[in-house]
Structure formats: structure tokens, C-alpha cells
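Down below is the structure, laid out as C-alpha cells.
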Amino acid sequence: MTGQVKHGAATVVENIPFSFDEEEFQKLTHIDLSGPYAKAVAGLLENALAATRPKALYKVCYIDNWTDDTVELEGIRFTSRVLSQNLSEVERVFPYIVTCGTELDKALSAVTDVLAQYWLDGLKEMALRTAVEHLKNHLVAEYGLKAEKLSTMNPGSGNKNVWPIGQQRQLFQLLGDVEGAVGVRLTDSFLMMPNKTVSGIFFPTEVNFVSCQLCTRENCPRRRAEYTGSVDLAGHE
């Protein structure tokens with residue numbers, strides 16, 4: 001059963017249900033589960049699925065201060081013109097971190113075969129996607145939000161000038177003891193471990209915003225919207 005646990009001022013969402021989707025797995029890994037690798041993959045998946053524990057951490061915050069290119073939450077300043085525009089009419093936001101879980105990450109670390117690591121990385125991606133959707137649904141139900149009007153921005157997603165990845169540090173600071181809560185740690189290069197982890201801020205909006213709209217990277221496996229090249233996504237000049 002899904003559960004919530006307070007961790008300081010933040011909330012951990014755990015026991016997120018995960019149902020293995022064979023079709024999605026085959027698309028992610030480009031493998032035919034009825035083909036010659038079927039037996040090898042089945043053995044790996046049996047152990048990995050038993051260790052799959054995706055989790056989410058979030059916090060309810062109110063905007064303290066706002067300028068054309070900065071937003072302050074609980075005294076912590078974030079610098080991004082796009083973020084500022086998107087939050088200009090917003091009072092309450094939901095900073096978050098979602099992860100595939102350290103348990104699954106540890107299970108993969110024991111695998112030395114490169115191809116097997118690739119297969120299991122696909123499973124981690126699936127667990128992450130499930131957890132992100134679960135958190136979104138949780139916020140909608142818990143705080144009376146509308147799913148179709150709940151958008152998100154992620155540090156480092158999109159072109160580098162949209163919301164610099166270095167601001168992961170402020171986001172971790174805002175959420176408190178992230179590693180103690182969900183096992184996620186931030187590296188010196190601002191990457192998160194486990195690698196299938198995403199951070200950001202959920203916010204209500206009249207315009208559905210996706211960072212992909214400002215990203216020129218081609219063939220991105222996580223692309224959720226076409227590139228528009230416009231920073232006027234929140235109805236501002």
C-alpha cells in the first residue's frame with residue numbers, strides 16, 4: 001500500500017505500485033522478449049523486479065519573492081527567466097525529487113555484463129516514469145489540483161540557459177536531507193545518483209509547459225514535447 005512519511009518539512013511517498021509492462025520494456029530496450037535472449041532477460045528481471053522500490057520526495061512551498069529572472073522559496077533563490085515567468089502568477093509550488101530507488105540501483109551494480117546492464121537500465125527508467133506519474137496523481141488528489149494544468153520544470157532540462165543544472169544544489173537544499181529521505185545524492189557535477197532520478201518543481205498553470213519545448217537536443221529518449229524555441233510560454237512578453 002502506498003504510504004506517506006514526513007521527513008522534516010518534506011514528505012516521502014513510498015511503496016509506489018509498479019507493474020511491469022512487457023511492451024514498454026521491449027520499446028525501451030529494443031529487445032524481443034520472445035527471442036534468443038528471452039531466458040537470460042527473464043532471470044535478470046525476476047531478481048530486479050523484486051528489488052524495485054521507486055520513491056518520491058516533495059515539499060509544499062510558497063513564493064517569498066519574485067523578479068523577472070529570480071524566484072525565492074523559503075529564502076532560497078533560483079535564477080531562471082523562464083521559471084520566473086512560469087511562476088509569476090503562482091503562489092504555491094511543489095519542489096520534488098523522484099527516483100527509481102536505491103534498491104534497484106544496487107541490484108544493477110552487481111551485474112557486470114554490459115548488455116544486461118542496458119536491459120536493467122530500461123527497467124529503472126520504467127520505475128522512474130511510474131513514480132513521476134504517481135507523484136503527479138498524488139499532488140492532484142491531495143491538494144485539489146487539476147492534472148491537465150499541472151506543469152513542471154527541471155534543472156538542466158532544455159537548453160543550458162533555461163534553468164541551469166547547477167541549481168540542483170539549491171533544490172536539494174530546499175528539500176532538506178534528500179539522501180536520508182530517499183537515498184538520492186548529488187554529485188560534484190550536479191548529477192543525481194541513482195542515475196534514473198529526476199528533480200524539479202511542479203506548479204499549477206493555465207498553459208501546459210514542458211522544458212522540452214526549449215530544448216534543441218535531437219533524438220532525446222525523454223522528449224515529451226516538440227521544440228518551439230519560445231520563452232513566452234507563460235503568457236508573458
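Bear in mind these aren't lab numbers, they're just calculated from the coordinates by the rules spelled out. On a predicted model such as this, the values are computed, not experimentally measured, just so you know. Glycine gets a Cβ as well: all are built from the backbone with ideal geometry, and neighbour counts include every protein chain shown.
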Output wanted: per-residue J couplings in Hz (rounded whole) for region 144-159, from phi through Karplus 6.51 cos²θ - 1.76 cosθ + 1.60, θ = phi - 60°, x for Gly and Pro.
x, 8, 9, 4, 6, 10, 10, 10, 9, 10, 10, x, x, 8, x, 5
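When the convex hull of the Cα atoms of the chain is projected onto a plane and the area is averaged over all directions, what value comes out in nm²?
Numbers: hull surface 53.1 nm².
Taking the Cα atoms of the chain, their convex hull projects to 13.3 nm² on average.
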Helix 114-143 sits at what angle to the longest principal axis of the chain, using alpha carbons and giving 0 to 90 degrees rounded to 10?
40 degrees
Roughly how many Å is it from the Cα centre of region 182-206 to that of region 1-25, as a whole number?
15 Å
Of the residues Thr67, Thr112, Thr152, which exhibits the maximal mean-square fluctuation in a Gaussian network model of the chain defined by a 10 Å Cα contact cut-off?
Thr112
Go through 11-24, 188-201 and give me the packing order, highest mean Cβ count within 10 Å leading.
188-201, 11-24
Any lysines with Cα under 27 Å of the Lys146 Cα? List them, leaving off those in the same chain fewer than 8 positions away.
Lys6, Lys55, Lys59, Lys136, Lys196
Non-local residues with an amide H under 5 Å from the amide H of His7, with H modelled 1.01 Å from N and Pro and chain starts lacking one, are Val12
Over the chain, the sum of -39500 (n - 2.57) across DSSP H runs of at least four, divided by residue number and rounded to 500 deg cm²/dmol, gives at 222 nm -10000 deg cm²/dmol
Taking the number of other C-beta atoms within 10 Å as the exposure measure, put Ile76, Ile97 in order starting with the fewest.
Ile76, Ile97
Once fully extended, how much extra length lies between Lys146 and Asp188, figured as 0.36 nm per residue of separation less the alpha-carbon to alpha-carbon distance?
11.5 nm
Rounding to the nearest 10 and keeping the result within 0 to 90°, find how far the Cα-based axis of helix 38-50 lies from the longest principal axis of the chain.
50 degrees
